[in-house]
Amino acid sequence: MRLFYNQDISETDSKVVLLKEETKHLTKVMRKKVGDIIFITNGKGLLVETKINLINKSNTELLIVKSETYIQSKFKINIAIAPTKMNDRTEWFVEKATEIGIDSISTVLCEKSERKTIKLDRLNKIAVSAMKQSLQYYKPYIQELVTFDSFINDCKSDNKFIAHCKEVNKQHLSSYKLNSNSTTVLIGPEGGFTQKEIQNAEEKGFIAVTLGNNRLRTETAALVATQILSEFNTEI
């Protein structure tokens, strides 16, 4: 099954329109014609089966045959990551984390951050592509870049962790028994968190954890944390 995306479709719709970019992919790459069956998600759990009714140069009209809403797990995974110096590394994380099944990604500006901006539209496009490729029906929410202090003050997750490399007594993230609805793991920039940031996070309820003995790149650490939490998610 090939999956298409339209964020505006709902259960009450009788038809859906794909715009120019997806129409081009549908007709030029996939060679689809009037009468063919196409599957579309809105990235919010809805999957619709449609039949191509009309193809124009600028759009494609499809009639909805049936629809189904998939219930998302109550256990929510959020990774808060300091954007990497090279954009492609953050983009790689967004792609792979989406494939694994992350719920949300927060981007956090830390004291040692080398990158001060993100391209939110670009990250969302990558997330949509990865969602379609991995045949999922929920697109992760990607948060605008916020300061470290703003993030730790506003974080509402039931379980909150900060992964850092300081030599202190820490347990591995996988050792924690999580039975609440949401978990956040903070991942720092290439230069790591400052001692002040770690202290401030701990004062806000974040627990220091390790992700293993090896020193990992920011994007690798973020993906490892995603996979650990995803494994837990399959057990509940």
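Tabulated values for the structure
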quantity	calculated
Choice from 150, 113, 174 showing the highest fluctuation, given a GNM over the chain with Cα pairs closer than 10 Å	150
222 nm mean residue ellipticity, helices alone, for the chain (DSSP H n ≥ 4; -39,500 (n - 2.57); rounded to 500)	-8500 deg cm²/dmol
Debye intensity ratio I(q)/I(0), log10, segment 66-214, q values 0.11, 0.19 Å⁻¹ (C-alpha model)	-0.43, -1.24
Globularity ratio of segment 3-69, using Cα Rg and 2.2 N^0.38 Å	0.99
Simple label model, 7 Å out from Cα along Cβ direction - residue 134 to residue 49, nm	2.6
Hypothetical label at residue 116: residues of segment 72-110 whose amide nitrogen lies under 16 Å (7 Å Cα-Cβ projection)	83-86, 108-110
Centre separation in Å (Cα based) which lies between segment 57-89 and segment 8-41	17
Overall form of segment 103-188 per C-alpha gyration tensor (a/c, 1.5; a/b vs b/c)	oblate
Of the trypsin sites (Lys or Arg not before Pro) in segment 98-185, those whose Cβ has at most 16 other Cβ within 10 Å and which sit in DSSP loop	112, 116, 119, 156, 166, 177
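Rule-based calculations on the coordinates, nothing more; no lab input. Here the structure is a predicted model, which means the values were calculated and not measured. Reconstructed Cβ throughout: ideal geometry from the backbone, glycine too, with neighbour counts over all protein chains shown.
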